[in-house]
Amino acid sequence: MALSEGEDVEEFHFNIHTGDALIFNWNNIYDNFQGFEIIVGNPPYVSARNLEVEAKENIKNWSVSTSGNPDLYIPFFQIGYENLAENGILGYITMNTFFKSLNGRALRSYFEENRATIRIVDFGTLQIFKSKSTYTCICFLEKVEQNYIEYYKSTDKEFPTNRNQYSRINYKNLDAKKGWNLNNNEIISRLEAIGRPFGERYKTRHGIATLKNDIYIFKPVAEDEDFFYLQNGNLYPIEKGICKDILNSNKLSRNIDFDAVREKVLFPYNDDIKPKALDEEFLSNQFPMAFEYLQRKRAILSERDKGKGKYEKWFAFGRTQSLEKVANKLFFPKFSDRIPSYLISNDDDLLFYNGQAIVGHSEEEMLLVKKILESRLFWYYIKTTSKPYSSDYYSLNGTYIKNFGIPEFTNNDIDFLINESNQDIIDAFLEDYYNIRL
(Lines give C-alpha, C1' and ligand atoms only; values in the text may rest on other atoms or scores of the structure.)
Protein backbone atom coordinates (compact mmCIF):
# COMPACT_ATOMS: atom_id res chain seq x y z
CA MET A 1 0.00 0.00 0.00
CA ALA A 2 2.77 2.43 0.94
CA LEU A 3 4.63 1.64 -2.28
CA SER A 4 1.52 1.99 -4.46
CA GLU A 5 0.77 5.40 -2.95
CA GLY A 6 4.30 6.62 -3.38
CA GLU A 7 4.79 6.94 0.36
CA ASP A 8 7.87 4.72 0.63
CA VAL A 9 11.16 4.33 -1.12
CA GLU A 10 11.14 2.24 -4.27
CA GLU A 11 14.19 0.18 -3.40
CA PHE A 12 14.90 -1.66 -0.20
CA HIS A 13 18.06 -3.13 1.20
CA PHE A 14 16.62 -6.00 3.20
CA ASN A 15 19.96 -6.84 4.79
CA ILE A 16 19.00 -10.51 5.15
CA HIS A 17 21.51 -13.04 6.39
CA THR A 18 21.19 -16.82 6.28
CA GLY A 19 22.97 -19.32 8.46
CA ASP A 20 22.70 -22.03 11.09
CA ALA A 21 21.29 -20.23 14.15
CA LEU A 22 22.97 -22.76 16.48
CA ILE A 23 26.44 -21.50 15.48
CA PHE A 24 25.73 -18.10 13.87
CA ASN A 25 27.48 -15.11 15.47
CA TRP A 26 26.13 -11.62 14.78
CA ASN A 27 29.37 -10.06 16.00
CA ASN A 28 30.95 -11.41 12.82
CA ILE A 29 28.42 -9.43 10.79
CA TYR A 30 28.25 -6.11 12.65
CA ASP A 31 31.05 -4.30 14.42
CA ASN A 32 30.15 -3.37 17.99
CA PHE A 33 26.92 -5.38 17.77
CA GLN A 34 24.58 -4.29 20.59
CA GLY A 35 21.68 -6.64 19.94
CA PHE A 36 18.27 -6.27 18.30
CA GLU A 37 15.48 -4.18 19.69
CA ILE A 38 12.85 -6.57 18.33
CA ILE A 39 13.07 -10.31 17.57
CA VAL A 40 10.11 -12.29 16.22
CA GLY A 41 10.20 -15.99 15.55
CA ASN A 42 8.66 -19.44 15.34
CA PRO A 43 11.46 -21.78 16.46
CA PRO A 44 11.63 -25.13 14.63
CA TYR A 45 9.42 -27.94 15.96
CA VAL A 46 11.92 -30.79 15.63
CA SER A 47 12.08 -33.44 18.35
CA ALA A 48 15.42 -34.60 19.73
CA ARG A 49 15.11 -38.03 18.10
CA ASN A 50 14.77 -36.46 14.65
CA LEU A 51 17.78 -34.15 14.86
CA GLU A 52 20.63 -34.67 12.42
CA VAL A 53 24.04 -35.54 13.85
CA GLU A 54 25.45 -32.05 13.25
CA ALA A 55 22.49 -30.36 14.95
CA LYS A 56 22.80 -32.72 17.95
CA GLU A 57 26.40 -31.56 18.37
CA ASN A 58 25.70 -27.87 17.84
CA ILE A 59 22.80 -27.82 20.26
CA LYS A 60 25.31 -28.62 23.02
CA ASN A 61 26.74 -25.10 22.60
CA TRP A 62 23.83 -23.71 24.60
CA SER A 63 23.48 -24.07 28.38
CA VAL A 64 19.69 -24.41 28.15
CA SER A 65 20.21 -27.68 26.27
CA THR A 66 21.94 -29.59 29.07
CA SER A 67 18.95 -31.43 30.57
CA GLY A 68 17.26 -34.47 29.03
CA ASN A 69 17.22 -34.75 25.25
CA PRO A 70 16.22 -31.22 24.23
CA ASP A 71 14.06 -30.57 21.20
CA LEU A 72 15.39 -28.07 18.67
CA TYR A 73 13.18 -25.20 19.82
CA ILE A 74 14.78 -25.12 23.32
CA PRO A 75 18.10 -23.33 22.48
CA PHE A 76 16.31 -20.69 20.40
CA PHE A 77 15.16 -19.05 23.63
CA GLN A 78 18.76 -18.52 24.72
CA ILE A 79 19.85 -17.55 21.21
CA GLY A 80 17.09 -14.95 21.00
CA TYR A 81 17.48 -13.62 24.53
CA GLU A 82 21.24 -13.19 24.24
CA ASN A 83 20.84 -11.35 20.93
CA LEU A 84 18.38 -8.83 22.39
CA ALA A 85 19.45 -5.27 23.03
CA GLU A 86 18.94 -3.87 26.51
CA ASN A 87 15.19 -3.19 26.86
CA GLY A 88 14.63 -5.13 23.64
CA ILE A 89 11.63 -7.44 23.25
CA LEU A 90 11.32 -10.93 21.76
CA GLY A 91 8.15 -12.67 20.65
CA TYR A 92 7.98 -16.41 19.88
CA ILE A 93 5.12 -18.75 19.17
CA THR A 94 6.46 -22.09 20.27
CA MET A 95 5.76 -25.33 22.09
CA ASN A 96 4.59 -25.16 25.72
CA THR A 97 6.24 -28.41 26.86
CA PHE A 98 9.18 -26.58 28.47
CA PHE A 99 6.95 -25.64 31.44
CA LYS A 100 7.16 -29.14 32.91
CA SER A 101 9.41 -31.40 30.84
CA LEU A 102 12.84 -32.71 31.83
CA ASN A 103 14.09 -31.28 28.52
CA GLY A 104 13.05 -27.83 29.69
CA ARG A 105 14.66 -27.97 33.14
CA ALA A 106 17.86 -26.15 32.13
CA LEU A 107 15.82 -23.56 30.24
CA ARG A 108 13.64 -22.89 33.28
CA SER A 109 16.78 -22.50 35.41
CA TYR A 110 18.20 -20.08 32.83
CA PHE A 111 15.12 -17.88 33.02
CA GLU A 112 15.10 -17.96 36.82
CA GLU A 113 18.81 -17.14 37.10
CA ASN A 114 18.46 -14.21 34.69
CA ARG A 115 15.19 -13.03 36.27
CA ALA A 116 14.00 -12.71 32.69
CA THR A 117 10.86 -10.69 32.04
CA ILE A 118 8.45 -13.20 30.49
CA ARG A 119 4.82 -12.95 29.47
CA ILE A 120 3.17 -16.19 28.37
CA VAL A 121 -0.12 -16.77 26.58
CA ASP A 122 -0.69 -20.51 26.95
CA PHE A 123 -3.07 -22.24 24.53
CA GLY A 124 -2.98 -25.53 26.44
CA THR A 125 -4.68 -28.25 24.40
CA LEU A 126 -6.02 -25.85 21.75
CA GLN A 127 -4.71 -26.60 18.27
CA ILE A 128 -3.39 -23.35 16.78
CA PHE A 129 -1.88 -24.87 13.64
CA LYS A 130 -4.48 -26.94 11.81
CA SER A 131 -1.89 -29.09 10.05
CA LYS A 132 0.19 -29.79 13.16
CA SER A 133 -0.68 -31.64 16.36
CA THR A 134 1.34 -29.33 18.60
CA TYR A 135 0.62 -27.59 21.88
CA THR A 136 1.73 -24.02 21.79
CA CYS A 137 2.16 -20.79 23.67
CA ILE A 138 3.25 -17.28 22.80
CA CYS A 139 6.18 -15.99 24.83
CA PHE A 140 7.28 -12.37 25.09
CA LEU A 141 10.74 -11.84 26.60
CA GLU A 142 12.29 -8.52 27.53
CA LYS A 143 15.94 -7.85 28.35
CA VAL A 144 14.94 -6.40 31.71
CA GLU A 145 15.12 -8.13 35.07
CA GLN A 146 11.83 -8.94 36.76
CA ASN A 147 11.05 -11.11 39.79
CA TYR A 148 7.93 -12.74 38.38
CA ILE A 149 6.46 -14.42 35.30
CA GLU A 150 3.23 -13.13 33.78
CA TYR A 151 0.90 -15.92 32.64
CA TYR A 152 -2.43 -16.06 30.81
CA LYS A 153 -4.31 -19.31 30.06
CA SER A 154 -6.27 -18.98 26.82
CA THR A 155 -9.43 -21.10 26.82
CA ASP A 156 -10.81 -20.26 23.35
CA LYS A 157 -7.78 -19.00 21.42
CA GLU A 158 -8.44 -15.52 22.79
CA PHE A 159 -5.72 -13.06 23.78
CA PRO A 160 -5.63 -10.90 26.89
CA THR A 161 -6.75 -7.37 26.13
CA ASN A 162 -4.60 -5.77 28.83
CA ARG A 163 -1.66 -6.66 31.01
CA ASN A 164 -3.80 -6.83 34.17
CA GLN A 165 -5.36 -10.07 32.89
CA TYR A 166 -2.08 -11.91 33.37
CA SER A 167 -1.51 -13.68 36.67
CA ARG A 168 1.87 -13.04 38.29
CA ILE A 169 3.94 -15.90 39.67
CA ASN A 170 7.08 -14.96 41.56
CA TYR A 171 10.19 -16.86 40.57
CA LYS A 172 10.74 -17.79 44.22
CA ASN A 173 7.44 -19.73 44.09
CA LEU A 174 8.58 -21.77 41.09
CA ASP A 175 10.80 -24.82 40.98
CA ALA A 176 12.88 -25.24 37.85
CA LYS A 177 13.75 -28.82 38.74
CA LYS A 178 10.19 -30.05 39.39
CA GLY A 179 8.63 -27.97 36.64
CA TRP A 180 6.70 -24.72 36.55
CA ASN A 181 3.16 -24.68 37.90
CA LEU A 182 1.91 -21.59 36.08
CA ASN A 183 -1.80 -22.31 35.94
CA ASN A 184 -3.44 -21.72 39.35
CA ASN A 185 -0.04 -21.67 41.00
CA GLU A 186 -1.29 -21.02 44.54
CA ILE A 187 -3.67 -24.00 44.60
CA ILE A 188 -1.23 -26.38 42.92
CA SER A 189 1.56 -25.37 45.29
CA ARG A 190 -0.74 -26.17 48.21
CA LEU A 191 -1.54 -29.61 46.75
CA GLU A 192 2.16 -30.37 46.37
CA ALA A 193 3.14 -29.09 49.82
CA ILE A 194 0.98 -31.46 51.87
CA GLY A 195 2.37 -34.76 53.19
CA ARG A 196 4.85 -36.65 51.03
CA PRO A 197 5.13 -36.48 47.22
CA PHE A 198 3.38 -39.29 45.34
CA GLY A 199 6.66 -40.22 43.66
CA GLU A 200 8.40 -40.78 47.01
CA ARG A 201 5.59 -42.84 48.44
CA TYR A 202 4.57 -45.09 45.55
CA LYS A 203 6.52 -47.19 43.08
CA THR A 204 5.22 -46.92 39.54
CA ARG A 205 6.17 -49.05 36.59
CA HIS A 206 5.52 -49.11 32.85
CA GLY A 207 4.24 -52.25 31.17
CA ILE A 208 6.24 -54.84 29.29
CA ALA A 209 7.86 -53.82 26.02
CA THR A 210 8.07 -56.62 23.46
CA LEU A 211 8.69 -54.13 20.61
CA LYS A 212 6.46 -56.40 18.50
CA ASN A 213 3.18 -56.71 20.36
CA ASP A 214 1.36 -58.18 17.36
CA ILE A 215 3.72 -61.18 17.50
CA TYR A 216 3.45 -61.92 21.22
CA ILE A 217 0.08 -60.56 22.38
CA PHE A 218 -3.17 -62.01 21.11
CA LYS A 219 -6.82 -62.63 21.76
CA PRO A 220 -7.35 -66.37 21.19
CA VAL A 221 -9.79 -67.10 18.39
CA ALA A 222 -10.32 -70.55 19.91
CA GLU A 223 -8.90 -72.90 22.53
CA ASP A 224 -8.93 -76.53 23.53
CA GLU A 225 -7.47 -78.45 26.44
CA ASP A 226 -3.84 -77.89 25.40
CA PHE A 227 -3.72 -74.90 23.09
CA PHE A 228 -4.77 -71.32 22.52
CA TYR A 229 -5.19 -70.54 18.82
CA LEU A 230 -3.52 -67.39 17.56
CA GLN A 231 -4.58 -65.78 14.27
CA ASN A 232 -1.65 -63.94 12.70
CA GLY A 233 -1.72 -64.49 8.97
CA ASN A 234 -2.16 -68.20 9.54
CA LEU A 235 -3.80 -69.95 12.48
CA TYR A 236 -1.21 -71.08 15.03
CA PRO A 237 -1.71 -73.37 18.04
CA ILE A 238 0.23 -72.07 21.05
CA GLU A 239 0.75 -74.26 24.12
CA LYS A 240 -1.18 -72.94 27.11
CA GLY A 241 1.81 -73.55 29.38
CA ILE A 242 3.83 -70.78 27.72
CA CYS A 243 1.07 -68.16 27.92
CA LYS A 244 0.12 -65.65 30.60
CA ASP A 245 -2.79 -63.26 31.02
CA ILE A 246 -2.06 -59.67 30.06
CA LEU A 247 -3.94 -56.36 30.30
CA ASN A 248 -3.68 -53.28 28.09
CA SER A 249 -4.00 -50.77 30.92
CA ASN A 250 -4.38 -47.84 28.52
CA LYS A 251 -7.91 -49.13 28.00
CA LEU A 252 -8.65 -48.04 31.56
CA SER A 253 -9.29 -44.52 30.30
CA ARG A 254 -12.81 -45.96 30.04
CA ASN A 255 -14.83 -48.24 32.30
CA ILE A 256 -14.08 -51.75 31.10
CA ASP A 257 -14.98 -55.33 31.84
CA PHE A 258 -11.60 -56.86 32.63
CA ASP A 259 -12.60 -60.32 31.40
CA ALA A 260 -13.66 -58.78 28.10
CA VAL A 261 -10.30 -57.11 27.46
CA ARG A 262 -8.02 -59.76 28.96
CA GLU A 263 -5.55 -61.06 26.38
CA LYS A 264 -2.81 -63.67 26.25
CA VAL A 265 0.90 -63.12 25.84
CA LEU A 266 3.33 -65.72 24.58
CA PHE A 267 5.88 -65.59 27.41
CA PRO A 268 9.15 -67.39 26.53
CA TYR A 269 10.60 -67.06 30.02
CA ASN A 270 10.97 -69.26 33.08
CA ASP A 271 8.80 -68.96 36.18
CA ASP A 272 11.35 -67.28 38.47
CA ILE A 273 10.44 -64.13 40.39
CA LYS A 274 12.83 -62.35 38.02
CA PRO A 275 12.27 -64.38 34.85
CA LYS A 276 15.03 -65.31 32.42
CA ALA A 277 14.52 -66.22 28.78
CA LEU A 278 14.13 -69.95 28.23
CA ASP A 279 16.97 -71.98 26.81
CA GLU A 280 16.31 -72.38 23.09
CA GLU A 281 16.56 -76.17 23.17
CA PHE A 282 14.20 -76.34 26.15
CA LEU A 283 11.75 -74.04 24.36
CA SER A 284 11.76 -76.17 21.20
CA ASN A 285 11.31 -79.42 23.18
CA GLN A 286 8.71 -78.31 25.70
CA PHE A 287 6.72 -75.91 23.53
CA PRO A 288 7.33 -77.03 19.94
CA MET A 289 4.29 -75.29 18.46
CA ALA A 290 5.14 -71.95 20.07
CA PHE A 291 8.76 -72.39 18.99
CA GLU A 292 7.72 -73.10 15.39
CA TYR A 293 5.53 -69.99 15.40
CA LEU A 294 8.38 -67.83 16.70
CA GLN A 295 10.72 -69.30 14.10
CA ARG A 296 8.29 -68.26 11.38
CA LYS A 297 8.28 -64.72 12.80
CA ARG A 298 12.03 -64.61 13.42
CA ALA A 299 12.77 -62.30 10.51
CA ILE A 300 10.21 -59.80 11.80
CA LEU A 301 11.60 -60.00 15.33
CA SER A 302 15.10 -59.34 14.01
CA GLU A 303 13.93 -55.95 12.68
CA ARG A 304 13.33 -54.58 16.17
CA ASP A 305 15.54 -51.62 17.13
CA LYS A 306 16.33 -51.25 13.43
CA GLY A 307 18.11 -54.61 13.49
CA LYS A 308 20.64 -53.41 16.09
CA GLY A 309 18.95 -54.73 19.23
CA LYS A 310 20.88 -56.93 21.67
CA TYR A 311 18.44 -59.25 23.41
CA GLU A 312 18.88 -62.06 25.89
CA LYS A 313 17.68 -64.47 23.18
CA TRP A 314 16.44 -63.77 19.67
CA PHE A 315 12.89 -64.63 20.78
CA ALA A 316 13.04 -62.57 24.01
CA PHE A 317 11.09 -59.33 24.43
CA GLY A 318 12.72 -56.12 23.26
CA ARG A 319 13.07 -54.82 26.83
CA THR A 320 13.30 -56.52 30.22
CA GLN A 321 11.05 -54.07 32.10
CA SER A 322 8.12 -55.31 34.23
CA LEU A 323 8.79 -59.02 33.75
CA GLU A 324 9.21 -59.83 37.44
CA LYS A 325 6.36 -61.11 39.57
CA VAL A 326 4.66 -58.58 41.85
CA ALA A 327 1.68 -59.50 44.01
CA ASN A 328 -0.28 -56.24 44.25
CA LYS A 329 -0.65 -53.99 41.24
CA LEU A 330 -2.85 -50.95 40.62
CA PHE A 331 -3.26 -50.47 36.88
CA PHE A 332 -4.04 -47.16 35.19
CA PRO A 333 -3.58 -45.60 31.73
CA LYS A 334 -0.86 -43.26 30.52
CA PHE A 335 -3.41 -40.82 29.06
CA SER A 336 -7.03 -39.98 29.65
CA ASP A 337 -9.62 -37.30 28.89
CA ARG A 338 -11.56 -37.98 32.10
CA ILE A 339 -11.12 -39.59 35.49
CA PRO A 340 -10.01 -43.06 34.38
CA SER A 341 -10.68 -46.46 35.89
CA TYR A 342 -8.11 -47.89 38.29
CA LEU A 343 -7.89 -51.66 38.56
CA ILE A 344 -6.30 -53.54 41.48
CA SER A 345 -5.04 -57.09 41.01
CA ASN A 346 -3.21 -59.43 43.40
CA ASP A 347 -2.44 -61.93 40.62
CA ASP A 348 1.37 -61.98 40.49
CA ASP A 349 1.29 -63.70 37.09
CA LEU A 350 -0.83 -60.98 35.46
CA LEU A 351 1.25 -58.84 33.08
CA PHE A 352 0.36 -55.52 31.49
CA TYR A 353 1.42 -53.39 28.55
CA ASN A 354 0.99 -49.86 27.12
CA GLY A 355 -0.12 -48.32 30.42
CA GLN A 356 1.39 -48.23 33.87
CA ALA A 357 0.89 -49.51 37.39
CA ILE A 358 1.66 -48.84 41.03
CA VAL A 359 3.35 -51.97 42.35
CA GLY A 360 4.54 -53.67 45.50
CA HIS A 361 2.37 -52.09 48.21
CA SER A 362 -0.09 -53.61 50.66
CA GLU A 363 -3.70 -54.17 49.67
CA GLU A 364 -4.82 -51.47 52.10
CA GLU A 365 -2.35 -48.99 50.64
CA MET A 366 -3.55 -49.82 47.13
CA LEU A 367 -7.18 -49.27 48.12
CA LEU A 368 -6.30 -45.92 49.69
CA VAL A 369 -4.35 -44.55 46.73
CA LYS A 370 -7.08 -45.80 44.36
CA LYS A 371 -9.60 -43.61 46.19
CA ILE A 372 -7.28 -40.60 45.94
CA LEU A 373 -6.54 -41.11 42.25
CA GLU A 374 -10.23 -41.48 41.45
CA SER A 375 -11.04 -38.16 43.13
CA ARG A 376 -12.13 -34.92 41.54
CA LEU A 377 -9.21 -33.23 43.29
CA PHE A 378 -6.55 -35.42 41.69
CA TRP A 379 -8.09 -35.03 38.25
CA TYR A 380 -8.10 -31.24 38.74
CA TYR A 381 -4.37 -31.48 39.48
CA ILE A 382 -3.77 -33.50 36.30
CA LYS A 383 -5.75 -31.11 34.09
CA THR A 384 -3.95 -28.12 35.58
CA THR A 385 -0.36 -29.36 35.56
CA SER A 386 0.03 -32.27 33.16
CA LYS A 387 1.10 -32.38 29.54
CA PRO A 388 -1.92 -31.91 27.25
CA TYR A 389 -2.70 -33.97 24.17
CA SER A 390 -5.34 -33.72 21.46
CA SER A 391 -9.05 -34.16 22.27
CA ASP A 392 -8.44 -32.94 25.86
CA TYR A 393 -6.37 -35.96 26.86
CA TYR A 394 -3.78 -35.46 29.61
CA SER A 395 -0.73 -37.47 30.60
CA LEU A 396 -0.75 -39.54 33.79
CA ASN A 397 2.92 -40.36 33.37
CA GLY A 398 5.00 -40.49 36.53
CA THR A 399 6.68 -37.20 35.60
CA TYR A 400 3.37 -35.39 35.99
CA ILE A 401 2.00 -37.10 39.09
CA LYS A 402 5.12 -37.54 41.20
CA ASN A 403 4.82 -34.19 43.01
CA PHE A 404 1.17 -34.55 44.09
CA GLY A 405 1.10 -34.50 47.89
CA ILE A 406 -0.20 -37.54 49.78
CA PRO A 407 -1.27 -36.63 53.36
CA GLU A 408 -0.33 -38.65 56.42
CA PHE A 409 -3.87 -39.86 57.04
CA THR A 410 -4.92 -41.21 60.43
CA ASN A 411 -6.10 -44.81 60.67
CA ASN A 412 -9.69 -43.57 61.01
CA ASP A 413 -9.29 -41.47 57.85
CA ILE A 414 -7.95 -44.47 55.96
CA ASP A 415 -10.79 -46.71 57.13
CA PHE A 416 -13.29 -44.07 56.08
CA LEU A 417 -11.83 -43.57 52.61
CA ILE A 418 -11.47 -47.27 51.90
CA ASN A 419 -15.01 -48.13 52.98
CA GLU A 420 -16.90 -45.11 51.66
CA SER A 421 -18.58 -45.80 48.31
CA ASN A 422 -20.20 -42.43 47.60
CA GLN A 423 -17.82 -40.49 45.34
CA ASP A 424 -19.35 -37.10 46.20
CA ILE A 425 -18.67 -37.70 49.89
CA ILE A 426 -15.09 -38.80 49.16
CA ASP A 427 -14.50 -35.72 47.00
CA ALA A 428 -15.82 -33.37 49.68
CA PHE A 429 -13.74 -35.12 52.37
CA LEU A 430 -10.49 -34.85 50.39
CA GLU A 431 -11.07 -31.23 49.41
CA ASP A 432 -11.63 -30.39 53.08
CA TYR A 433 -8.49 -32.31 53.99
CA TYR A 434 -6.41 -30.39 51.45
CA ASN A 435 -8.27 -27.14 52.31
CA ILE A 436 -9.17 -26.55 48.67
CA ARG A 437 -12.55 -25.64 47.15
CA LEU A 438 -13.16 -26.69 43.56
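The values are calculated or read from the model by the stated rules, or taken from the named source; none is laboratory data. Please read these numbers as outputs of a predicted model, since none were measured by experiment. So basically every Cβ, Gly included, is an ideal-geometry build from the backbone, and we count neighbours across all protein chains shown. Heads up: the accessible areas ignore ligands, DNA and RNA and are worked out on the full protein's heavy atoms, side chains in. Shrake-Rupley method; radii C 1.70, N 1.55, O 1.52, S 1.80 Å.
Table: residues versus (1) at pLDDT 95 or above; (2) surrounded by fewer than 18 Cβ atoms within 10 Å (Cβ to Cβ).
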| residue | (1), (2) |
| --- | --- |
| 362 | no, yes |
| 371 | yes, no |
| 378 | yes, no |
| 385 | no, no |
| 404 | yes, no |
| 424 | yes, yes |
| 430 | yes, no |
query = Just to be sure, is residue 317 modelled with pLDDT of 95 or more and either out of contact with any His (no Cβ under 8 Å at 6 or more places or on another chain) or closer than 29 Å to residue 134 by Cβ (or both)?
reply = yes
ask   = Just checking, how many residues over the range 155-202 are of a type in the set (Gly, Ala, Ser), free of Cβ contacts under 8 Å to residues at least 24 places away in the same chain and not in a helix (DSSP H, G or I)?
value = 1
query = Somewhere in the range 120-136, is a residue within 21 Å of the chain's Cα centre (by Cα), closer than 28 Å to residue 36 by Cβ and among the aliphatic types (A, V, I, L, M)?
reply = yes
key: Contacts under 8 angstrom Cβ, first residue in the range 102-124 being at positive phi, partner in a strand (DSSP E or B), 6 or more apart   = 115/145; 124/153; 124/388
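Only residues that are assigned to a loop (DSSP other than H, G, I, E, B) and either open to solvent by less than 10 Å² (accessible area, probe 1.4 Å) or among the β-branched types (Val, Ile, Thr) (or both): list them for the range 406-422, please.
Within the range 406-422, 407, 410 meet the criteria.
Being open to solvent by less than 70 Å² (accessible area, probe 1.4 Å), more than 25 Å from residue 318 (Cβ to Cβ) and either without any contact (Cβ under 8 Å) to a residue 40 or more places away in the chain or within 33 Å of the chain's Cα centre (by Cα) (or both) is the filter here; which residues of the range 217-228 pass it?
222, 224
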remark   = Residue hits (the range 159-214; open to solvent by 50 Å² or more (accessible area, probe 1.4 Å) and under 20 Å from the mean Cα position of the chain (by Cα)) are 175, 177, 178, 200, 203, 204, 205, 206, 211
remark   = For the range 50-78, the count of residues that are open to solvent by 20 Å² or more (accessible area, probe 1.4 Å) and β-branched (Val, Ile, Thr) equals 2
message = Cβ-Cβ under 7 Å, sequence separation 6+ or interchain: first residue in the range 299-312 and under 18 Å from residue 269 (Cα atoms), partner of a type outside the set (Lys, Arg) and surrounded by 10 or more Cβ atoms within 10 Å (Cβ to Cβ). Which pairs?
response = 301/215; 301/314; 301/315; 311/318; 312/277
key: Filtered residues of the range 31-49 (kept if surrounded by 12 or more Cβ atoms within 10 Å (Cβ to Cβ), out of contact with any Leu (no Cβ under 9 Å at 6 or more places or on another chain) and closer than 24 Å to residue 129 by Cβ)   = 42
inquiry  = For the range 252-263, check the following and say yes or no: at least one residue is under 16 Å from residue 322 (Cα atoms) and either open to solvent by less than 60 Å² (accessible area, probe 1.4 Å) or in contact with a Leu (Cβ under 8 Å, 6 or more places away or on another chain) (or both).
reply    = no
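Take residue 284 and decide whether it is under 14 Å from residue 211 (Cβ atoms), out of contact with any Cys (no Cβ under 9 Å at 6 or more places or on another chain) and either of a type in the set (Ser, Thr, Tyr) or open to solvent by 30 Å² or more (accessible area, probe 1.4 Å) (or both).
No, not satisfied.
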request  = Only residues that are aromatic (Phe, Trp, Tyr) and in a loop (DSSP other than H, G, I, E, B): list them for the range 21-74, please.
outcome  = 24, 30, 33, 45, 62, 73
